[in-house]
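First up is the structure itself, then whatever we jot down about it.
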Amino acid sequence: MTYRYTVSGLDYIYLKNGYKKHKTPYGPGVSIANIAGLHDAITRLLCTRIQFFKGQEARYLRKSLDVTQAVLGNMLGVDSQTIARWEKNEHDMPEPAQRLLRLICMEKFNEKSPIHSFIERLNNLEDKGGNIVMEEKGDKWRIVA
């Protein structure tokens, strides 16, 4: 027998094992011993699955990152209302945003990944305009400060 795991916000996740049913003073209960491992497995599945995200997947991944809609919007270059619309299925999440969200989520499994710091740099970019002076040192080019 399988257990439908709806607490995740995804309506199609079923557990074959790894859970225990028990009685509580409030009615039937379920405990999952390795809940963090389950959530990591679901995150990996969503990020590597060849399927476009619906609102429930976008919301699950945002929550797995433990960020607000505003913070995720900042990471993806959109406002918080756009994230809310995607999560409510009012608008489809564009494929480039889905790809970036997948990369951001997968970064948490690779501690050496530079994605988060790169996104922070992108968020803080300013268009200073003006001339750019380049210089060659050895066989490498760099911007002169």
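The values are calculated or read from the model by the stated rules, or taken from the named source; none is laboratory data. Because the structure is predicted, anything quoted here is derived from the model rather than measured. Cβ coordinates were reconstructed from backbone atoms using ideal geometry, including for glycine residues, and neighbour counts include every protein chain displayed.
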*Which condition number in (1) loosely packed, with under 11 Cβ neighbours inside 10 Å; (2) closer than 24 Å to residue 109 by Cβ is the one that residue 64 fails?*
(1)
*Among the residues of region 27-45 satisfying the criterion of being in contact with a Lys or Arg (Cβ under 9 Å, 6 or more places away or on another chain) and of a type in the set (A, V, I, L, M, F, W, C), which is surrounded by the most Cβ atoms within 10 Å (Cβ to Cβ)?*
32
*Name the pairs: first residue in region 56-68 and of a type in the set (Asp, Glu), second residue surrounded by 17 or more Cβ atoms within 10 Å (Cβ to Cβ), Cβ to Cβ under 6 Å, at least 6 apart or on different chains?*
57/46
*Any chance residue 71 is within 30 Å of residue 91 (Cα to Cα) and of a type outside the set (Lys, Arg)*: yes
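Which residues, taken from region 100-118, are more than 10 Å from the chain's Cα centre (by Cα) and modelled with pLDDT of 70 or more? If you could, list the steps in order and put the result at the bottom.
Filtering region 100-118 down to residues more than 10 Å from the chain's Cα centre (by Cα) leaves 109-118.
Within region 100-118, 109, 110, 114, 115, 117, 118 qualify.
Taking region 17-38, which residues are more than 25 Å from residue 108 (Cβ to Cβ) and without any contact (Cβ under 8 Å) to a residue 24 or more places away in the chain?
In the first step, residues of region 17-38 are kept if they are more than 25 Å from residue 108 (Cβ to Cβ); the result is 17, 20-30.
Once the filter is applied, which keeps residues that are more than 25 Å from residue 108 (Cβ to Cβ) and without any contact (Cβ under 8 Å) to a residue 24 or more places away in the chain, region 17-38 yields 17, 20, 21, 22, 23, 24, 25, 26, 27, 28, 29.
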*Mind checking which pairs have a first residue in region 122-145 that is closer than 28 Å to residue 72 by Cα and a second that is surrounded by 10 or more Cβ atoms within 10 Å (Cβ to Cβ) and modelled with pLDDT of 85 or more, Cβ under 6 Å, 6 or more apart or different chains?*
123/74
*Report yes if residue 84 is free of Cβ contacts under 8 Å to residues at least 24 places away in the same chain, within 22 Å of residue 6 (Cα to Cα) and touching a helix residue (DSSP H, G or I) at 6+ places or on another chain (Cβ under 8 Å), otherwise no.*
yes
*Where in region 1-94 are there helices (runs of 4 or more DSSP H), lying fully within it, with 2 or more residues that are modelled with pLDDT under 95 and among the β-branched types (Val, Ile, Thr)?*
35-48
*Matching entry among 2, 48, 24 (being of a type in the set (S, T, N, Q), surrounded by fewer than 11 Cβ atoms within 10 Å (Cβ to Cβ) and within 18 Å of the chain's Cα centre (by Cα))*: 48
